[in-house]
Amino acid sequence: MRLLAVTAVAAEADAVRAGVDSTGSTVDTVVAGIGPAAAAAATSAALAADRYDVVVSAGIAGGFDIPLGTVVVASRIVAADLGVETADGFEPIGVTALDVPAELVARFAAPTRAITGAVLSVSTVTGTAVTTAALLARHPDAVAEAMEGFGVATAAAWHGVPFAEIRTISNTVGPRNRASWRIPEALHALTEAFAAITKEPL
C-alpha cells in the first residue's frame, strides 16, 4: 500500500517522517500549506503526478474535551463552516461531510489507540465558547477541529483514492489560551502514531 500524508506545515511532515523512518517504512509527505484550499490543491497535484492507495490528512489539532496528546482518527470529515448564516441559524450548503472508509478507520485507530469521531475542517479557527457550543450542537460526534482535512478528502475523492485523517491534540477548542497549548507534545504523539501505524506493513 502506498500512502501519501498531507500536512499543513513542515513540522508536522517532519513528525510523520520521524515515525515512519523509525520502522523502516516509506510514506510520502506533502506540505500543502494552511487551509482547505491549499490542502485540496496540493493533494490533487500529488495524485495527478503519482499513484497512491491511501491519502491521509495528518497533523495536530484542537480537541473537543479530550486529553491533550490524544490521537484522533476521523470517522467522517466535515466542512463545518461551509454554508450560509440565516435568521434561523447556520445552514450547510452542498456536500459538507465525507465518510472515511470503515476499514481505514479501524486500520489506523487500532494500533494508535485513537479516539474516533468527526473531525471538523474550518477556515477560521474557533476562539470562543459560543462558537464551540454551536459547532458541537451541529456535530455532537465531533472530536477535533483542524483546517485541511476536508480539502484533502475532497481531492482524494475526486481522484478516486481512499482517504483518512489522523490528528493529535495540541489544545482545547474554545477561547484561545496559548499558555495551555502543548504543540511539541502533540508533534511527538504524531511521530508515535505513525510509528505504530507503519510498524506492520501497510
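The values are calculated or read from the model by the stated rules, or taken from the named source; none is laboratory data. All figures in this text were calculated on a predicted structure; none of them were measured in a lab. So basically every Cβ, Gly included, is an ideal-geometry build from the backbone, and we count neighbours across all protein chains shown. Side chains included, ligands, DNA and RNA excluded: accessible areas come from the protein's heavy atoms. Shrake-Rupley method; radii C 1.70, N 1.55, O 1.52, S 1.80 Å.
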Problem set entry | Scope the stretch 29-43; condition open to solvent by 50 Å² or more (accessible area, probe 1.4 Å) and more than 17 Å from S121 (Cβ to Cβ); matching residues | V31
Exercise. Before we move on, is G62 at positive phi and open to solvent by less than 40 Å² (accessible area, probe 1.4 Å)?
Worked result: no
Exercise. Out of the stretch 1-28, which residues are open to solvent by 20 Å² or more (accessible area, probe 1.4 Å), closer than 24 Å to S123 by Cα and touching a strand residue (DSSP E or B) at 6+ places or on another chain (Cβ under 6 Å)?
Worked result: A10
For this session: Considering each of T168, T154, T124, T191 in turn, give the residue that is open to solvent by 10 Å² or more (accessible area, probe 1.4 Å), hydroxyl-bearing (S, T, Y), over 18 Å from A102 (Cα atoms) and outside any loop (DSSP other than H, G, I, E, B).
Result: T191
For this session: Select from the stretch 164-202 the residues that are hydroxyl-bearing (S, T, Y), in contact with a helix residue (DSSP H, G or I) (Cβ under 8 Å, 6 or more places away or on another chain) and either more than 20 Å from Y52 (Cβ to Cβ) or modelled with pLDDT under 95 (or both) and list them in ascending order.
Result: T168, S170, T172, T191
For this session: Output the residue which, of all residues in the stretch 160-179 that are free of Cβ contacts under 8 Å to residues at least 12 places away in the same chain and farther than 19 Å from I77 by Cα, is farthest from the chain's Cα centre (by Cα).
Result: A179
Exercise. Yes or no: I66 closer than 18 Å to P140 by Cβ and either out of contact with any strand residue (DSSP E or B) (no Cβ under 8 Å at 6 or more places or on another chain) or part of a loop (DSSP other than H, G, I, E, B) (or both)?
Worked result: yes
Problem set entry | Filtered residue count, the stretch 173-188, keeping only those that are touching a strand residue (DSSP E or B) at 6+ places or on another chain (Cβ under 9 Å), open to solvent by 70 Å² or more (accessible area, probe 1.4 Å) and not in a helix (DSSP H, G or I) | 2
For this session: Please identify the pairs in which a residue from the stretch 115-139 that is among the charged types (D, E, K, R) has its Cβ atom under 9 Å from the Cβ atom of a residue that is at pLDDT 95 or above and surrounded by 19 or more Cβ atoms within 10 Å (Cβ to Cβ), counting only partners at least 6 apart or on another chain.
Result: R138/V78; R138/A80
